[in-house]
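Enquirer: Got a structure for you, written out below as structure tokens; questions coming shortly.
What follows draws every value from the coordinates through simple rules; no lab data is involved. Everything quoted here is computed from the prediction, not taken from an experiment. We place every Cβ from the backbone using ideal geometry, glycine too, and count neighbours over all the protein chains shown.
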Amino acid sequence: MMQILQLLGALIFLLFGLALRKGKLLFLIAGNNNARKPYNQQSKLAGRYVGIIMYGAAIALLLVYLVPNLPDSFWIFITIFFILFMIGITYLFYKNSNLRK
């Protein structure tokens, strides 16, 4: 029973990421003040990037649930990778937005 709930949690992240990547539910992104229908290009871009982050969270949850005895060095690598990934996504969003002067 517990494994079903754990897989359901990962599935929720996956479905939420898919919805954001398709341009749905963009009003749920914190700080996305432009998320009013019709959505502008910047809101859709934010949805794509946050959707990718949700995919990463779903993969991380699946790894935790399906392979519980991974070594500590693997988790350190995953943590560093996720931090660098977040910095990269933030940079890409800043680069592609109209916030630059």
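Enquirer: Can you tell me the 0 to 90 degree angle between the C-alpha axis of helix 2-21 and the longest principal axis of the chain, rounded to 10?
Expert: Its long axis makes an angle of about 20 degrees.
Enquirer: If you fit an axis through the alpha-carbon atoms of helix 41-66 and take the longest principal axis of the Cα set of the chain, what angle between them do you get, 0 to 90°, nearest 10?
Expert: 0 degrees
Enquirer: Another question, if that's okay. Using 1/(1 + (r/R0)^6) with R0 = 30 angstrom and r between the beta carbons of Lys44 and Leu8, what's the FRET efficiency to the nearest 0.05?
Expert: Numbers: r = 28 Å, r/R0 = 0.93.
Calculated value: 0.60.
Enquirer: Taking the Cβ-Cβ separation of Asp72 and Lys95 as r and a Förster radius of 30 Å, what is the calculated FRET efficiency to the nearest 0.05? Walk me through the intermediate numbers first.
Expert: Details: r = 34 Å, r/R0 = 1.15.
In this case the efficiency is close to 0.30.
Enquirer: Of the listed values (1) 150, 23, 9; (2) 113, 29, 19; (3) 47, 30, 17, identify the label whose number matches Cα extents along the principal axes in Å calculated from this model.
Expert: Identified label for the calculated read-out: (3).
Enquirer: Can you tell me, using C-alpha contacts under 8 Å and at least 6 residues apart, the relative contact order of the chain as a whole percent? Could you put the intermediate results ahead of the total?
Expert: Numbers: 70 pairs, mean separation 31.3, N = 101.
That works out to 31 percent.
Enquirer: Using mean Cβ contacts within 10 Å as the protection proxy, how do 8-18, 62-72, 48-58 order, highest first? Display every interim value, and only then the final one.
Expert: Values: 8-18: 15.8, 62-72: 10.8, 48-58: 18.8.
Peptide ranking by packing, descending: 48-58, 8-18, 62-72.
Enquirer: Determine, for Met2, Met86, the number of other Cβ atoms within 10 Å of each Cβ, and report the residues in order from fewest to most.
Expert: So the residues, fewest neighbours to most, are Met2, Met86.
Enquirer: With angles folded into 0 to 90 degrees, how steeply does helix 72-96 sit against the dominant principal axis of the chain? Use alpha carbons for both and round to 10.
Expert: 10 degrees
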